[in-house]
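Chemist: Here it is, the structure in full.
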Amino acid sequence: MQKSIKLFLTVLLTCFSLLSYNRADARQDTVSTDGIEFSPVESEAAQDSVSTDTPDKATVAAPGTSQEIKATAASSGKTGEQQTTLWAIFIAGFLGGLAALFMPCIFPMLPFTVSFFTKKAHNKSQAVRTAVLYGISIVCIYVVLGLLITVIFGADALNSLSTNGVFNFVFFLLLVVFAASFLGAFEITLPSSWVNKMDEKSDKSGLAGIFFMAATLSLVSFSCTGPIIGTLLVQAAVSGALLGPAIGMLGFSIALAIPFALFAMFPSWLNALPKSGGWLNSVKVVLGFLELALGLKFLSNVDLAYHWHLFDREVFLVLWIVIFGLMGIYLLGKLRLSHDSPSNGISVFRLFLAIIVLSFTIYMVPGLWGAPLKSISAFLPPQATQDFDLYSASLNSTAPAAGAGQDNTPHKFADLFEKPPGLNPYFDYAEGIAMAKKAGKPVMLDFTGHACVNCRKMEANVWTDKTVLPLIRDQYILIQLYVDDKTELNEHDQYTSKFSGKLINTIGKQNSDIQASRFNSNSQPFYVLLDPNTEQVLVTPQGADYDPAAYAEFLQSGLSAFRP
């Protein structure tokens, strides 16, 4: 019983890890720059300015921006951040593989497969060797799948998925289908002819037989592993990392393969495994609830990028409260699905788990009145999308009185974008620079995105800090530049970029072009402190930093450089 509880605890922790997997640990989100390539250009002017086709369009880049500054901005931690992103994807894949082990399609096969190895082998060493080769075959199959995703779609396509409205909506529908499958509406299966063909080839001896046996496991278990793999590939694809899908599959397959090798080495451990039964289906149902909750994030991305305003923060929260509330009721045994096994009661562990889930549900309720909910702020729509928000009103009440150096005139594009709590940013580069010159303040450029989870986390957890908020609000002119917005520019504002050669016809593309041509970067969030008079970088730009003290120090260093 204790072993069963430990294993069930592992899978539930895995479930929550998959839900809360957040590229915040990767420090920055990479968001599409719509085909911009970071390659040498022929002239300094092509690098230092954003060109236009029309004479009335102002140049947004400062002449004379040094190559050294841009190189520093481009190289500051980028390699380390990309490596951290891949590690985060690997860990998510590994946790997904652990969750897959407890699926009804795989868990019962553990003792069967290991017994097959040990009975067929002439000695223990041969059984171990066969099991290891079996595990390696599983790893190869899934890694090849990940590489195929990269090869078929390409780096640019993967990078653009995070901001493409059609793809985000397709991902939402895909996760809803996966959730319905886990909840028991239907099973996602591959053609039986594929399975039969692999099973026939698995009867061969030698390495080929072992490989096809692993392939048979992959095909047979697809109804259980397919939704997990699909979710993982979606998350890896929108991470912007070229090798993301392959790394995710590597982690997934290693977690799936290790138990087969270990149980082959120590067959007596099989006796400690819990019996297959209704609890395996309960794991699937819990994963179904989590898939459904995760899918809503992709729908939120579409709503924000196209300004539908149908899926605001309170709507998102209501849906999550209902989903996790139903999960808690299910864990208590008060909600039963048609394919659940009859039960006379629940275990103490399941009761504790229900308490955790229902507590999380109640934790979200104050968010309906504007509570920041910092632990999940990265997943929620921006605070400003909420109609009834007591929290932002309290932050605004601490702002200096109107007329105390504050610009209360309507800002360009302000009707399109949501203001961070307690702040009144500009959303157009030229307008913000002009105001900074007039006010005699430095500029804080925030390259952000609607689909950027780390941007939302920074705004909710760091910018609202009592040491950070006054610095941004009172000492800087904040310019937020959304790189994934789909709003069309006026025809006379559209131009062809000299940096990328692409037509710049949306607000997002224009802001992406500014970031790429000026700072040779395409990751968000990306914070640049500028002198508005010379448009020179004051200090080395940086990405997300979740330590308010360190972030405040970054802002103070910009002020010191502006006023030596």
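The values are calculated or read from the model by the stated rules, or taken from the named source; none is laboratory data. What you see is a predicted model; the values in this text were computed from it and never measured. Methodologically, a virtual Cβ is constructed for each residue, glycine included, from the backbone with ideal geometry; neighbour enumeration extends over all protein chains shown. When the accessible area is computed, the model is the full protein with side chains, heavy atoms only, and any ligands, DNA or RNA have been set aside. Shrake-Rupley method; radii C 1.70, N 1.55, O 1.52, S 1.80 Å.
Chemist: Which ones in the stretch 430-455 are open to solvent by 10 Å² or more (accessible area, probe 1.4 Å) and of a type outside the set (A, V, I, L, M)?
Modeler: Within the stretch 430-455, 431, 437, 438, 440, 441 qualify.
Chemist: Another one. Pairs please, first residue from the stretch 343-359 and in contact (Cβ under 8 Å) with a residue 12 or more places away in the chain, second anywhere and assigned to a loop (DSSP other than H, G, I, E, B), Cβ atoms under 7 Å, 6+ apart in sequence or on different chains.
Modeler: So the pair list comes out as 343/333; 346/332; 346/333; 354/332.
Chemist: Name every residue in the stretch 244-279 that is within 30 Å of residue 332 (Cα to Cα) and modelled with pLDDT under 75, in order of residue number.
Modeler: Within the stretch 244-279, 270, 271, 272, 273, 274, 275, 276, 277, 278, 279 meet the criteria.
Chemist: When you go through 513, 465, 474 one by one, which is the residue that is surrounded by fewer than 23 Cβ atoms within 10 Å (Cβ to Cβ), outside any loop (DSSP other than H, G, I, E, B) and among the acidic types (Asp, Glu)?
Modeler: Within the list 513, 465, 474, the selection yields 474.
Chemist: Same structure, new question: Can you give me the number of residues within the stretch 483-517 that are polar (S, T, N, Q), touching a helix residue (DSSP H, G or I) at 6+ places or on another chain (Cβ under 7 Å) and closer than 19 Å to residue 414 by Cα?
Modeler: Going through the stretch 483-517, the residues polar (S, T, N, Q) turn out to be 487, 490, 494, 496-497, 500, 505-506, 510-512, 515, 517.
If we keep only those that are touching a helix residue (DSSP H, G or I) at 6+ places or on another chain (Cβ under 7 Å) as well, we get 487, 497, 500, 517.
Of the ones still in play, those that are also closer than 19 Å to residue 414 by Cα are 487.
So the count comes out to 1.
Conditions tested, residue by residue: (1) modelled with pLDDT under 90; (2) under 24 Å from the mean Cα position of the chain (by Cα); (3) buried (at least 16 other Cβ atoms within 10 Å of the Cβ).
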position: 352; (1), (2), (3): no, no, no
position: 357; (1), (2), (3): no, yes, yes
position: 383; (1), (2), (3): yes, yes, yes
position: 396; (1), (2), (3): yes, no, no
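Chemist: For the stretch 301-315, give me each residue that is modelled with pLDDT of 90 or more and surrounded by 22 or more Cβ atoms within 10 Å (Cβ to Cβ).
Modeler: 313
Chemist: Determine if the stretch 318-335 includes at least one residue that is farther than 28 Å from residue 187 by Cα and within 24 Å of the chain's Cα centre (by Cα).
Modeler: Kept after step one, since they are farther than 28 Å from residue 187 by Cα, are these residues of the stretch 318-335: 318.
Checking which are within 24 Å of the chain's Cα centre (by Cα) leaves us with 318.
Within the stretch 318-335, one or more residues are farther than 28 Å from residue 187 by Cα and within 24 Å of the chain's Cα centre (by Cα).
Chemist: Could you tell me whether residue 530 is open to solvent by 10 Å² or more (accessible area, probe 1.4 Å) and at pLDDT 90 or above? Talk me through it step by step, then tell me what you get.
Modeler: Details: open to solvent by 10 Å² or more (accessible area, probe 1.4 Å): no; at pLDDT 90 or above: yes.
Taking the combined requirement at face value, the residue does not satisfy it.
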